[in-house]
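In what follows, a single structure is set out as C-alpha cells and then discussed.
Every number in this text was worked out from the coordinates using simple rules, so none of it is lab data. Quick caveat, the model's predicted, so the values are computed rather than measured. FYI the Cβ positions are ideal-geometry reconstructions off the backbone, even for glycines, and counts take in every protein chain you see.
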Amino acid sequence: MVPANARTTDESDNERGGVISGQREHVPAAGPGRRRAARRRPGRGRSVLVGTVVAVVLGIVAAVLLLGGAGPGAGATDVAETRAATPPPGGWPRLQLGVVGSQAPQAPDEIHALGAHVMRDEFTAGTTVEQLAPIVDALAARGIRLQPLVGWDDGTPAPDLTAVARWAAAFGPGGTHWAGRSDATAMTDIELGNENAFYYKSGVPDDDRYHALARAYGARAADAARAVHAANPAVGVLVELESADSERSTWIDDTLAAGGPDLVHLMHGPVIHPYGPDWQAKIDRDRGFLRARGVTAPFFVTEWGISSDDGADLSDNYDWPTDLTYDRAGALLRTAVTAMAGEPDRVRQVLLYQVFDQRDPGEDTDREHYFGLVRHDGSDKGGYTAAVRDLTGRYP
C-alpha cells in the first residue's frame, strides 16, 4: 500500500497551502495525490483464528434456524431485502457517471472530451476557498462539477473537517462564488476521507487502534455534516461506510455509532470502492450491514475501473484477467456500469478511476499504472475509451 502522503516517482509534493496536486503540472495526471492501493490481507494467523471462530458461530446459528428458534439477526445480510429499499418521492435518480481526475492543466479538456461532467480530486481540510476557486472555474468552463475529497495522512485520526463548510457556502448551489452567473456546475457533494476502512491504512478490525480510528472518523464526519448543512443545505457529505478487505461490519458499526443520527440523516450517501468482478457481492454485503443500522441510501462508488495495457500481462488485476486488451476491458466496463445503472436503489454514482495511465504502454507491469481512461500521452485506449464515452453519454 502507498500512503496518501507518499508520492510515486511521477507525483510531485506539490501542496500549495493545503491543495494536494495529483502530479507535476507538466505530466498527465496520476490521480488524486496517490496511487490506487492494493488490497493486502492481515496476517495469516489472525485470519485463520477469525475464520475458525466465524465458522463455529455460523454453525450454531444454522442449527438454531433449522430448529425454528430464530429469524434473521439484526446484522444478517439478506440480499433480497437489500434490493427492496423504498424509493424517494419521484423515484430513484438515474446513475451519475464521472471520473477521478487531477489538477493537471490538461485534465479539464480531457475530461470534457470523455463526456464526463463530474471530477473527483483530493484536497486537505485546510484548502481555502481562494485556492479552490481557479480549479472550480477551469472545470466549470467545460461544464464539469468538482466533487472534492478531503484527505489526511494514513493511519492517523481524522482531523477537524468542519472547515469544508466554507467550500459549501462558496461553491454550492446559490453559493457566493456564483453571484451574477450560472451555478449549473455547483458543488453538491464533499467526500470525507479515502479508504480508511482498509488494512493498509487502519490495520485490522480486531485491534483497538482500528476501533479508535473508526470512532474518531464517525465523530468528525458528523461534525462536518452539521457544519456543511448549516452553511448550505443543498450540499452534503459522502461518508466512507464499507467493510473493505475485512469483509466485516466493524468500520460501519463504529463510524455510525460515533456519528449518531445526525450523520445518518445529513449525509448524502455512503461511499464504497468495490473493485473487481465481484463488485455486486461487495455492495450486497455492505448494503446488508448498513440496512441493519437504518441506512438505505444508495452507494456512491467514488472509485471503480479496470486496468489494461492492451494485452500486456500485468502484475495483478483485482481478479480480472491480467492480460486484457483495450477492447475486452471496454466490454467488461460497459457491462458492469450498465448493471450498476440498473439498480438505482443501490448505486447512485460511479466515478471511473482515473483519467490518464501513469506510464506509457509496456513501460512496466504494475497494474496501478494502467487504470487510465486514456493513455499516458492522452491518446485513446481503443475500445476502453470508446466504452467510457458511450457510458458518459448515457449516464451524465
Most exposed first, judged by fewest Cβ atoms within 10 angstrom, Val118, Val355 run Val118, Val355
Any residue on another chain or 5+ positions along whose placed amide H is under 5 Å from the amide H of Gly269 is listed here as Val239
For the range 295-358, the dipole about the Cα centre with charges only on Cβ (Lys and Arg +1, Asp and Glu -1), to the nearest 20 debye, works out at 420 debye
Once normalised by the length of the range 259-301, the mean sequence separation of its alpha carbon contacts under 8 Å that are 6 or more apart gives a contact order in percent of 55 percent
With bins of 5 Å, the percent of all Cα-Cα pairs of the range 138-192 per bin from 0 is 4, 19, 26, 21, 13, 10, 6, 2, 0
Sorting Gly382, Leu314, Trp304 by the position of each Cα along the dipole of the range 271-396 (Lys, Arg +1; Asp, Glu -1; all at Cβ), the one nearest the positive end of that ordering is Trp304
A correct fewest-to-most ranking of Ser202, Ser243, Ser308 by other Cβ atoms within 10 Å would be Ser243, Ser202, Ser308
Kirkwood radius from Cα pairs of the range 235-293 plugged into Stokes-Einstein at 37 °C, 0.692 mPa s, gives D in µm²/s equal to 278 µm²/s
Toy charge model, Lys and Arg Cβ at +1, Asp and Glu Cβ at -1: the range 109-167 dipole around Cα centroid in debye, rounded to 20, equals 280 debye
Note on the range 86-168: alpha-carbon gyration tensor, axes a ≥ b ≥ c; rule is a/c under 1.5 for rounded, else prolate if a/b larger than b/c, else oblate; result oblate
Reduced to Cα centres, the span from the range 348-377 to the range 278-324 in Å works out to 16 Å
A correct Stokes-Einstein calculation for the range 258-336, using the alpha-carbon Kirkwood radius, 10 °C and 1.306 mPa s, returns a whole-number D in µm² s⁻¹ of 110 µm²/s
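Å³ per residue of the Cα convex hull, for the range 144-270?
Values: hull volume 11.7 nm³, N = 127.
Roughly 92 Å³ of hull volume per residue.
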Percent relative contact order for the range 165-226, counting Cα pairs under 8 Å at least six residues apart, stands at 20 percent
